[in-house]
Amino acid sequence: MADEKEAYLAEVEKTRPERMKWFHDARFGMFVHWGLYAQIGRNEWAMNIECIPKAEYEKLAETWKPKPRPMREWCKLARKAGMKYMVMTTKHHEGFCLWDTKMTDYNAVARGPKRDLVREYVEACREFGLKIGFYYSLMDWHHPDGATCAKDEAARRRFCDFTYGCVRELMSNYGKIDVLWYDVSWPLDSPEKWESLKMNKMARALQPHILINDRSQIPEDFSTPEGHVKPADAGRGWEACMTFNDTSWGYMPSAAPDAVTARDILKMLNTAAANEGNLLLNIGPAPDGSVPEDAVAPLTAVGKWIAANKEAVIGTFDRGGLGGTACGWGTVKGSTVYFWCKNWPGTSITIGGYTTKLKKATLLASKKALKIEQKPYQIKLSGMPKVSPDKFAGITVIKLEFASKPEYVWGATTMNLEAMGIK
Ligand code: GLC
């Protein structure tokens, strides 16, 4: 078993760079939490937080009547925002399956919606040219063995067969799927108990190109920092997943005042781009499937910003980015630094720390050339507009083209330089 796992992980690692190319290039994706909980509108954990009895919660399966094909609206907005892929909850912790499954009749075809919502989602993604991800919660508050499986071997056997069967249907019935996004592996405390190896091998046999996240207790392809955009593992992938309001993944109208702004989203993308990471930003559609209103304006502005500043945010950058001003942080590609100026300094800016010759400085979006005065460890740029010229989020990118890969000395105050023995 140990050998089998090692051989599997070695193979996953070997094929990863090729499989992950699109993911690294994509940078930005849309997470969608949609399920029965949207009708409650008080967080996707409502069943648990409010301790709603199963029989009462089940009634939501009958009353859920989404409008026709709302996924087309999500996909349209995702495209507008510059996103390249989608991940939708096929089954969240509540246990309701959004697809046509034979594993349980607690599903969208047998109950209220009377439609295969996963099929509609997949079709919309294909129509709009977005890569397709399936979120699947291992934890299940509805399945009779979902909790007892931790203590009762017969229950564990049944629950693992159920889980395997669900994943197999998702991997078999919808054509090419790009991401398998597991969540919460409660209550079994080892991948052996979940039989994750067998399950993920099956997924990869059916979908050889698939990327699998790290939440089935096997590290697989990429890690998933949640609620913060924190750079993780070099070499592998990482993808920060974020809510739109710091409160809820599922639809929750009262959380709208806390919705993130275009600036907030761009700051997250800045950190992701500078550190080989991705941002998976969530929306929680209304029960009828409508996109929450608070997401539209920020995502539209971000899309326009990305279109105007693509070079600074899309693609592969040297890990770590570079600083040098109080105004922002740079993404670096070879001999070019893209300074994301979040706080506009006015008509000139002084950047400390660089020792490499700067050949050219321009405002990325307008290509306006700036005047350069360079001394050792100090670059002064002038000829800039008084206010930030970026209309979408007030974040203007200054493109610095150096003669070679820039050398940068951290903390280059004159005093420190003397102490470091550098003149
Ligand atoms: C957490 C939550 C869940 C959400 C997920 C997204 O694990 O339990 O509600 O779907 O994060 O990453």
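The values are calculated or read from the model by the stated rules, or taken from the named source; none is laboratory data. Because the structure is a prediction, the values reported are computed rather than measured. Here the Cβ is made from the backbone with ideal geometry for all residues, glycine too, and neighbour counts use every protein chain on show. With ligands, DNA and RNA removed, areas are computed over all heavy atoms of the protein, side chains included. Shrake-Rupley method; radii C 1.70, N 1.55, O 1.52, S 1.80 Å.
Between Lys360 and Arg115, what is 0.36 nm times their sequence separation minus the Cα-Cα distance? Round to one decimal in nm. Result: 82.5 nm gained on full extension. Report summary: the helix-based calculation at 222 nm, which adds -39500 (n - 2.57) for every DSSP H run with n ≥ 4 and divides by the residues of the chain, gives -9500 deg cm²/dmol. For a label point 7 Å from the Cα of Arg319 along Cα→C-beta, name the residues of the range 218-245 whose backbone N is under 12 Å from it. Inside the label zone: 231-238. Beyond 36 Å, the tail of the calculated P(r) for the range 2-311 holds 13 percent of the Cα pairs. Database remark: amide H of Ala365 closer than 5 angstrom to the amide H of Val397 (H placed geometrically; neighbours at sequence offset of 5 or more, or on other chains; Pro and chain starts carry no H). Note on the range 199-350: the alpha carbon radius of gyration divided by the globular reference 2.2 N^0.38 Å gives 1.19.
Surface composition of the chain: carbon and sulfur make up 55 percent of the accessible area, probe 1.4 Å. Remark on Thr356: its backbone amide H falls under 5 Å from those of Glu407, a criterion applied only to residues 5 or more positions apart or on other chains, H modelled at 1.01 Å from N. Derived scalar couplings between HN and Hα for the range 223-228 equal 9, 9, x, 10, x, 8 Hz in order, rounded to whole Hz, by the Karplus curve 6.51 cos²θ - 1.76 cosθ + 1.60 (θ = phi - 60°), x for Gly and Pro. All alpha carbon pair distances within the range 117-245 were sorted into 5 Å bins beginning at 0; the resulting P(r) in whole percents reads 2, 10, 19, 20, 19, 16, 10, 3, 1, 0.
What shape does the range 283-423 take by its C-alpha gyration tensor, where a ≥ b ≥ c are the square roots of the eigenvalues and a/c under 1.5 counts as rounded, a/b above b/c as prolate, and the rest as oblate? Taking the square roots of the gyration eigenvalues as a ≥ b ≥ c, the range 283-423 is prolate. Relative to the dominant Cα principal axis of the chain, helix 293-313 is inclined by about 50°.
Looking at the range 223-281, the accessible area is 35 square angstrom per residue; that uses a 1.4 Å probe and ignores ligands, DNA and RNA. Accessible surface calculations at 1.4 Å, restricted to protein heavy atoms, place the range 327-423 at 53 Å² per residue. Dipole magnitude for the range 4-112: about 700 debye, using +1 per Lys or Arg Cβ and -1 per Asp or Glu Cβ, origin at the Cα centre. One way to sum up the overall shape of the range 324-398 is the equivalent ellipsoid from its Cα gyration tensor, whose semi-axes run 19, 13, 12 Å, largest first. Give the calculated FRET efficiency between Thr63 and Val296 to the nearest 0.05, with a Förster radius of 25 Å applied to their Cβ-Cβ distance. Calculated value: 0.40. Each label point was placed 7 Å from the Cα along the Cα-to-Cβ direction; for Arg157 and His228 their separation is 4.4 nm.
Working note: Karplus 6.51/-1.76/1.60 with θ = phi - 60° gives the range 127-139 the couplings 4, 9, x, 10, 5, 10, x, 10, 7, 9, 7, 5, 5 Hz, where Gly and Pro are set to x.
Per-residue extension of 0.36 nm, minus the Cα-Cα distance of Ala326 and Leu417, leaves a gain of 30.8 nm for this segment. Across every direction, the projection of the convex hull enclosing the Cα atoms of the range 1-158 has a mean area of 11.9 nm². Helix 71-80 axis versus longest C-alpha principal axis of the chain: approximately 10°, rounded to the nearest ten. Computed from phi, the 3J(HN,Hα) profile of the range 403-416 under the Karplus parametrisation 6.51, -1.76, 1.60 (θ = phi - 60°) reads 5, 8, 3, x, 8, 9, 9, 5, x, 7, 6, 4, 5, 4 Hz, with x in place of Gly and Pro.
Could you give the distance between the Cα centres of the range 33-94 and the range 139-213, to the whole Å? Rounded to whole Å, the Cα centres lie 20 Å apart.
The aspartates and glutamates within cross-link reach of Lys357, meaning a Cα-to-Cα straight distance under 15 Å and a gap of 8 or more places when in the same chain, are Glu373, Glu401, Glu407. In this structure, Lys368 and Glu18 have a Cβ-Cβ separation that, at R0 = 30 Å, corresponds to a calculated FRET efficiency of about 0.15. Amide H contacts of Phe28: Lys84, Leu279, each under 5 Å away and 5 or more positions distant or on a separate chain (H built 1.01 Å from N in the peptide plane; Pro and chain starts excluded).
Segment Glu4..Arg79, full-extension length gain: 22.9 nm, with 0.36 nm per residue of separation and the alpha-carbon distance subtracted. If you restrict to DSSP beta bridges whose two residues both lie in the chain, what percentage is antiparallel, to the nearest 5? Percentage antiparallel, nearest 5: 50. Dipole check for the chain: with +1 at the C-beta of Lys and Arg, -1 at the C-beta of Asp and Glu, and the Cα centre as origin, the magnitude is about 2160 Debye.
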